[in-house]
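Written below as structure tokens is the structure these notes are about.
The values are calculated or read from the model by the stated rules, or taken from the named source; none is laboratory data. These numbers were taken from a predicted model, which means no experiment stands behind them. A quick note on method: Cβ atoms are made from the backbone with ideal geometry, for glycine too, and the neighbour counts reach across all protein chains shown. Just so you know, the surface numbers come from the protein's heavy atoms only, side chains and all, with ligands and any DNA or RNA stripped out. Shrake-Rupley method; radii C 1.70, N 1.55, O 1.52, S 1.80 Å.
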Amino acid sequence: MAGDALPPLRVGLVGCGRVGQHLIERSAVGGPFQVVAASEELDVIRQIAPFGVRLMSLSELAQSADIDVLWVTSFWEFPFKCSPLAASHGQHLIVETPFTLGLQAAEQAFADAVRRSRLLLIHHPRRADPEFRQALAVAHDEKIGAIRAAKFVLWSYGRPPRGATRCTEPSVWDEYAEPGATKIRFVSHALDQLVLLIPSRPISVLAVGDSSAIAADLFAGDSLALRIVFESGCQAEIDIRLDSPTPYQSGWMLTGERGGYANGRQYTLTDEGEVFDSPVTTTDNPKDTGQFEWLARQIRSGVPDAEEEVRACSVVALLDGAQRSLTARQPVSV
């Protein structure tokens, strides 16, 4: 039977905020997943009722025989609640980036999935970004040699000055509107892209947070800058700031031994010392541009992508190291 003729996998959402509602709307127009139920402590009946999605408790979701996949849209909930509950009926799990902030918890979650013969998969929505796919094509081009430096800057949002009157809060609380969660999400997407760009093991990270933050915590403050050193010698920088009145997004900038990348163009250094630049063209990779289909194929086959589990743990290890670095105020090994 052709893949597109298979019935959609039935999804129960854990959390129904911004990400959950996007998944409901997307699945309503077709695709390999169909959201049939959602778990949410707040009243979201008005948002989900037009799509025929029923509201259930978390325990009811995990015990429902007509749900194939639990899709966790909030890393607040995982793995402390969802991993044990999913075992009660045996659903597979899909979680958003970042799916947890502790390396020990990440490794335990994957081990639990193997033990109960179920899949734990990570959804990476930012891998489809055209600019990232261009940078990835250049990074994997042998003509530019090994990457020596990588940099990503995102300054955005321009939050109101401290003490200013805030706008009316949304009627339904959404963790994705929280500055701390937004910052960590952006950092996590950048780290996921980074470990794909640099085929080497990260060995240390230095984290610098917001000087005005009361606590040395990943969620505190409006900014986070990371400096990461790889085993190959590559040095990478990620700079996220959510309180900048001046918006700026550099995209990825790469410097290799014989070339580099920036703003959609590849730069190549010749033996004569000249530099040529040209636009970058890319080809679609299902892992990047067809995330939903790629996730569904793994579930139907029952075989996870082992390399993806390693990358997911690498991202968590860097987040874990960033927290330790903030506390110690110095670089730490990862």
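Observations on the model:
- Formal net charge of residues neighbouring Glu142 (Cβ-Cβ distance under 13 Å; K, R +1; D, E -1): 0
- Nonlocal amide H pairs with Gln266, under 5 Å, H built at 1.01 Å: Ser278, Val280
- Across region 130-147, coupling constants 3J(HN,Hα) worked out from phi with the 6.51/-1.76/1.60 Karplus curve, θ = phi - 60°, read x, 5, 5, 5, 5, 4, 5, 4, 6, 4, 8, 7, 4, 5, 8, x, 5, 6 Hz, and Gly and Pro carry x.
- Ranked by the mean number of other Cβ atoms within 10 Å of their residues, highest first, the peptides 292-298, 92-98 come out as 92-98, 292-298.
- Shown here are the Rg and Dmax of the Cα trace of region 280-334, at 16.5, 46 Å.
- Debye equation applied to the C-alpha atoms of region 217-271, log10 I(q)/I(0) at 0.18, 0.22 Å⁻¹: -0.81, -0.99
- Against the criterion of solvent-accessible heavy-atom surface with a 1.4 angstrom probe, Ser59, Ser211, Ser325 sort, most first, into Ser211, Ser59, Ser325.
- Fraction of accessible area attributable to carbon and sulfur, region 103-149 (%, probe 1.4 Å): 52
- For Trp71, distant residues with modelled amide H under 5 Å away: Gly12, Leu13, Val14, Ile94
- These residues, Tyr248, Tyr267, Tyr261, go from largest to smallest accessible area, 1.4 Å probe, as Tyr248, Tyr267, Tyr261.
- Dimensionless Rg/Rh of region 185-318 - Kirkwood Rh, Rg from C-alpha atoms: 1.02
- Sorting 142-149, 187-194, 121-128 by their mean Cβ neighbour count within 10 Å, with the most densely packed peptide first, gives 187-194, 121-128, 142-149.
- Two-site FRET efficiency, Glu178 against Arg54, from Cβ-Cβ distance with R₀ of 25 Å, rounded to 0.05: 0.40
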